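The structure appears below as structure tokens.
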Amino acid sequence: MSAVATIAGYGFREAVRRKVFAVVVVLTAVFLVLFWLANRYVFNDLAHITPPAGVAVDTRTFVGAFLLGLAMFGTLFLGVVLAVFLTLGVVTGDAERGLLQPLVVRPVGRSTLLLARFLGAAAVCVVYVLVVYGAALAITDATGHWLPAQTVAPGLELAGAVVIVIALSLLGSVVLSSTANGIAVFMLFGAGLVAGLLGTIGHALNSRTIEHASTVASWALPFEALYQDGLRLISSNASGLTGFLLRLGPFGGAYVHGWGIRVWSAGYLCVALALALAAFARRDL
Amino acid sequence: MAHALAVHGLEKRYGSVEALKGVDLSVEEGELVGLLGPNGAGKSTLVKIAVGLVRATRGEAEVAGARAGSRAARAKLGYLAELFRFPGWYTADEVLALHQRLARSSGGAEERRRLLELVALEEASERRVDGMSKGMQQRLGVAQALVGSPRVLVLDEPTSALDPAGRRVVRVLLEDLRNRGVSVLLNSHLLSEIELVCDRVAILRAGEVVAAGSPAELSRPRGVELETDEGTRTIAGATRHDAPRLVAEAVAAGRRVYGVRVLTSTLEETYLEAVGDEVS
């Protein structure tokens, strides 16, 4: 256990020393300030927003859920940036730079080393995601006096999505160079986002083909499905036309959701980690 | 009794390239063995298999009786890689403290102070790695390899970045380690260094051991050089056993003998003979 703590501490110290950490912190501060401004202006204008006669839309819920969905996307994006840059070179990158060899020859075990690096990165990213998500919730509450029906579960799902990206990035770091791994993980992330948007469009168009493609992508890339499920949860108290309009938008929610995808995501995470450990055990350094 | 380090029939293949072709080599307790060979001969591959960084295609490698790469083997091993780096924001003391924790060494601050003193870095214990010269980092690497008092030390080009004074520090350190019974496998391009400190030498070429033995065993007689009042002449093929007879014959012939020298090949000549005209 002390070896895990030592390596995790080593990884954590490396993480906070990197410029990317400072960049993410600055970008997060800018994002939260802009998010606060947007909330302030939109909620202040809420009284002037009048839906067409006969259209029953709960404007506060619509605006709150839409803006919080936007914040969740921003949080996921920044969390993924942090996760990828903390882990993209853990094996191949560090081996090429000569940082890994002195550690690997110690009586720690390669699996302990990789798991410790995973835990270190996961701890940093989970704390980051939860803090930013919590700040976004607090801003929405303070400026718009609106909170979603469920506040905890969406945050946990966002954090879970980032943890899956960490596992994929670690797996990639065993077999790919740092640059190739970074590109590969960001492409996967982008593919997931596109698949999520496709699902929304498919649902709006009532296209079975597009919905099917989006569903397959959700199971193949469950970090996207968790994020979408989080969006679904924050708008779960929006009913009627308000709920329908929210589901038509980009932050509308999931078509693959619930405990099925959560359990699948946990299994997916375990398999990705197991593959990373097996590949690292066989890797010549 | 188990060898400190032993490899038997070691083979390693990278795709179509055979890096090692059945190498046998051992390092006994308290022995200092040098590994020589041109670039691409398989020296680093052999070293990396011994420390568990690379898996052999065939054959066995053991460290103090434990399979190379196993936790038990790594617990008895100290290693300095040819290309290594420590995080730039760590101080020398922090680097050693990190490796103490990983090696489960209970030496504490006293061990760190002693190791830094051994490599002449006692004044730099609080200096950050990115503020150190390449030579200082290499000496810190040697100190790192000694954390936890390993029984077997594997050093891959430990003096490549050192100036003559730094090389001397490492050479004295190696001799001290041998006196304390530590076994050392030293991979180096510096033949003079190997010749000075190693008990035995193995020369690799194209993945095979082409010569092995003590520096004295590897040296070949080159004749006897006799300096008389007629000048200096070399009697090719003569050995040190012939020297008294040659002196006696010269004196009997009325020559004045000013000096006699038995000529043997240097390790460099032996090395060049062993590896042929292969250029590193």
So who's got an amide H within less than 5 Å of the one on residue B:204, skipping anything under 5 residues away but keeping other chains? H placed 1.01 Å off N, in plane.
-> B:36, B:37, B:210
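The range B:52-204: percent of C-alpha pairs farther apart than 22 Å?
Distances greater than 22 Å cover 40 percent of the Cα pairs.
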The residues A:270, A:125, sorted from fewest to most surrounding Cβ atoms within 10 Å, come out as A:270, A:125
What base-10 log of the normalised intensity I(q)/I(0) is obtained for the range A:2-282 from the Debye formula, alpha carbons as equal point scatterers, at q = 0.08, 0.12, 0.13 Å⁻¹?
-> -0.36, -0.76, -0.87
Long-range amide H contacts for residue B:59: which residues qualify at under 5 Å (H placed 1.01 Å from N, peptide plane, sequence gap of 5 or more or a different chain)?
-> B:11
In this model, which of B:43/B:134; A:19/B:48; A:19/B:134 are farther than 28 Å apart at the alpha-carbon?
-> A:19/B:48
Local net charge near residue B:265, Cβ-Cβ under 13 Å (Lys/Arg +1, Asp/Glu -1) | -3
5 angstrom amide H check on residue A:100, placed H, neighbours 5+ away = A:95
Segment residue B:106-residue B:235, extension gain: residue separation times 0.36 nm, minus the distance between their alpha carbons | 40.4 nm
Angle between the Cα long axis of helix A:222-234 and the longest principal axis of chain A, 0 to 90 degrees, nearest 10?
-> 30
Just flag the trypsin sites (Lys or Arg not before Pro) in the range B:173-280 sitting in loop per DSSP whose Cβ has no more than 13 other Cβ atoms within 10 Å.
-> B:180, B:256
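What list do you get for A:211, B:110, B:29 if you sort them by fewest beta carbons within 10 Å?
In order of increasing Cβ crowding within 10 Å: B:110, B:29, A:211.
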Can you give the convex hull volume per residue for the Cα atoms of chain B, as a whole number of Å³?
-> 163
Residue-wise HN-Hα coupling along the range B:27-42, computed from phi with Karplus coefficients 6.51, -1.76, 1.60 (Hz; x: Gly, Pro) | 10, 8, 4, x, 9, 10, 10, x, 10, 10, x, x, 4, x, 6, x
Isotropic mean projected area of the C-alpha convex hull, the protein assembly as shown (nm²) = 34.2
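Each reported figure results from applying straightforward, stated rules to the coordinates on display, with no laboratory input. Just so it is clear, the structure is predicted and the values come from calculations on it, not from any experiment. All Cβ positions, glycine included, derive from the backbone under ideal geometry; neighbour counts span all protein chains shown.
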